[in-house]
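Below: the structure, in C-alpha cells.
The values are calculated or read from the model by the stated rules, or taken from the named source; none is laboratory data. Keep in mind that this is a model prediction, so the values were computed, not measured. Note: ideal-geometry Cβ built from the backbone for every residue, glycine included; neighbour counts use all protein chains shown. Only protein heavy atoms, including side chains, enter the accessible area calculation; ligands, DNA and RNA are left aside. Shrake-Rupley method; radii C 1.70, N 1.55, O 1.52, S 1.80 Å.
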Amino acid sequence: MNPFPIRGVVEGFYGRPWSWADRERLVPFLRRHGFNTYAYAPKDDPLHRNRWREPYLPEDWRRFARLARRCRAAGIDFVFGVSPLEFRFSRDDVALLEAKVAAADAAGIRSFCLLVDDMPQRGADREFCTPAGADVHLVGEVLRGLRRLGPDRRLWFVPQPYWGDPAAAYLRELGARVDPAVGICWTGPQVCSAEVTLAHAREVRASLRRPFLLWDNHPVNDCEMRHDPHLGPLRGRDPQLPRAVDGIVANLALQPDASRIAVATVGDYAADPAGYEPTASWERALEAVTGNPADAAAVAALSDLACRSPLEPGRALDNPLTTAIADFWAGWAEPGQRHAALARMDRTLTALAGHADRLTGGLTNRRLRADLLPWSRKLAWLVGGARGALEVLHRSLDAPHDPAAPAMREQLIDDLQPARTSPYWVAGDQLERFSRACLHAAGAAAAAQA
C-alpha cells in the first residue's frame with residue numbers, strides 16, 4: 001500500500017498554544033519521521049478564532065514567515081488556519097477574512113485551512129437554505145480570494161459536522177457544491193475515533209465526492225482529556241485507508257515533547273499503512289524521543305498506568321499493576337502465603353519507584369520530563385504511599401504491637417493527600433486505594449493477633 005500523499009500534524013487543540021520555539025523545534029522531527037505538512041490552527045489563539053477579525057501584528061507575521069520558511073526548507077507544507085467564529089456573512093466580514101488570508105499570503109504562506117468546527121449550528125442564513133449552503137458560500141468566498149492571489153494556493157475546509165454519519169445530508173451537499181479542489185477534513189465515526197475502517201472512509205468519500213483528509217484526534221488531550229497524556233501508539237486505522245483518504249493529520253497534544261512519542265507512530269502508519277505494527281513503532285518512538293533504553297522503560301511504565309484514551313476504550317485499567325494487586329490480595333487471603341505475597345508486591349513497587357525517580361528527576365530529555373511532570377509526580381506520591389502502607393501491613397504480622405504504627409499510619413494518610421487531590425490520571429488511583437486497603441488489613445491483622 002502506498003503512503004498517504006498528505007502526512008501531517010495540526011496544532012488544533014483547545015488550551016495554551018505552543019510557543020514559537022516549540023513549533024520551530026518540531027520541524028526537523030517531522031522531517032525525520034516522514035511528514036510533509038504542518039497546519040496551524042490552535043483554538044485558543046484569539047486571533048485565529050474568537051477575535052479572528054483583529055489583524056496580527058507585524059511581529060506575528062514575521063514569526064509566521066520564519067516558520068513557513070523553515071518548513072519549506074524541510075520539505076514541509078505550512079498551512080495557515082483561520083476559524084471565523086460568528087461569521088456574519090456581511091461585506092465587512094468577507095473583507096476582514098480576505099485581509100487575514102492575504103496577510104498570510106504576503107508572509108509566504110500558500111496553503112490555508114478554513115475551520116467552522118465546534119461552532120453553533122446555523123439555520124438558514126439570509127438567502128442560504130441550509131447550514132451546508134451557508135458553509136458552501138463561505139468556502140467559495142475564501143477560495144475566490146485565494147485564486148486572486150495566485151493559481152497555486154490550496155485550501156482545506158473543516159466542516160460542521162466533522163464526524164459521525166458519513167451519509168448525512170450536510171456532507172452530501174458539501175460534496176455536490178464545494179469546488180473539488182478543496183480538501184475536506186473528517187475525524188471518523190467519532191470526534192476521537194477508536195477505529196476508522198475503509199468501509200466508513202468509502203462512505204465519506206462517496207458523500208464528499210472526493211478523497212478526504214483524516215483529521216486524526218490522536219494524541220490530542222484537550223478539554224475533558226487534559227489530564228491524560230496520550231502517550232500510546234496510533235491504533236485502529238485500516239491499512240487500506242489510502243484507497244479513500246488523501247491524507248492523515250494528527251492533532252497534537254498540549255505537551256510538545258510528549259506529543260512526539262505518539263506522533264512518531266502516526267508517521268510510521270502514514271508512510272506504510274500495510275506494514276505498520278503499533279507496538280514495534282511505539283518502542284522505536286520511545287527510544288527516539290527519550291534517548292536511551294532506561295528512560296524509555298520509565299516512560300513506558302508511566303504510559304501503561306496512564307493509558308486512558310478514546311482510541312482504546314475499556315483498556316484504562318488493563319495494566320500490570322492491576323494483575324499485581326489482584327495476585328497480592330489472593331496471596332494475602334492465604335495465611336501461609338502472606339509473607340511471600342508481601343515480598344512479591346514489594347518488588348513490584350520498588351521497580352515502579354525506580355521509574356518514578358527517573359521520571360521526576362532523571363530523564364535525559366528535560367523538556368519531556370517537564371511535560372510529564374504532573375503525571376510523574378503523582379506516580380511518585382502513589383508509589384511512596386503504597387510502599388509505606390505495605391510496610392505497615394508487614395509490621396502488623398511481625399510486630400503487631402509496634403508503638404510506632406499509629407504515627408506511621410497518620411503520616412501515610414497525610415502523604416497520600418497530594419495524590420488524592422491531583423486530577424492527573426494514573427491507573428485510576430489504584431495505588432491510593434491499594435494503600436488504604438493495606439491500612440485496613442493491617443488494622444484487622446493487628447486486632448486478630450491481639
When you scan region 242-309 for helices (runs of 4 or more DSSP H) that lie fully inside it, which ones turn up with 1 or more residues that are open to solvent by 10 Å² or more (accessible area, probe 1.4 Å), in contact (Cβ under 8 Å) with a residue 24 or more places away in the chain and under 25 Å from A39 (Cα atoms)? 256-271, 278-290
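Rundown of residues vs (1) among the β-branched types (V, I, T); (2) over 25 Å from the mean Cα position of the chain (by Cα), yes/no style:
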| position | (1), (2) |
| --- | --- |
| G361 | no, no |
| T364 | yes, no |
| S376 | no, no |
| L379 | no, no |
| G385 | no, yes |
| L390 | no, yes |
Please determine whether any residue of region 442-450 is out of contact with any helix residue (DSSP H, G or I) (no Cβ under 6 Å at 6 or more places or on another chain), surrounded by 15 or more Cβ atoms within 10 Å (Cβ to Cβ) and either closer than 23 Å to L305 by Cα or among the hydrophobic types (A, V, I, L, M, F, W, C) (or both). no
Scanning for something part of a loop (DSSP other than H, G, I, E, B), over 30 Å from the mean Cα position of the chain (by Cα) and modelled with pLDDT under 95, does region 129-136 turn up at least one residue? yes
Is it true that some residue in region 424-435 is modelled with pLDDT under 90 and either among the hydrophobic types (A, V, I, L, M, F, W, C) or open to solvent by less than 30 Å² (accessible area, probe 1.4 Å) (or both)? no
Could you tell me which residue of region 330-343 is most open to solvent (accessible area, probe 1.4 Å), considering only residues that are without any contact (Cβ under 8 Å) to a residue 40 or more places away in the chain and in contact with a helix residue (DSSP H, G or I) (Cβ under 7 Å, 6 or more places away or on another chain)? Q337
Cβ contacts < 6 Å: first residue under 17 Å from D22 (Cα atoms), restricted to region 61-86; second residue basic (K, R) and crowded, with 18+ Cβ neighbours inside 10 Å, any location; separation 6+ or different chain. Result? L67/R23
Please pick out the residue among D327, D357, D371, D346 that is open to solvent by 40 Å² or more (accessible area, probe 1.4 Å), modelled with pLDDT of 95 or more and more than 20 Å from A441 (Cα to Cα). D357
Filtering region 223-241 down to residues that are touching a residue at least 40 places away in the same chain (Cβ under 8 Å) and more than 25 Å from A288 (Cα to Cα), which residue is most open to solvent (accessible area, probe 1.4 Å)? Q240
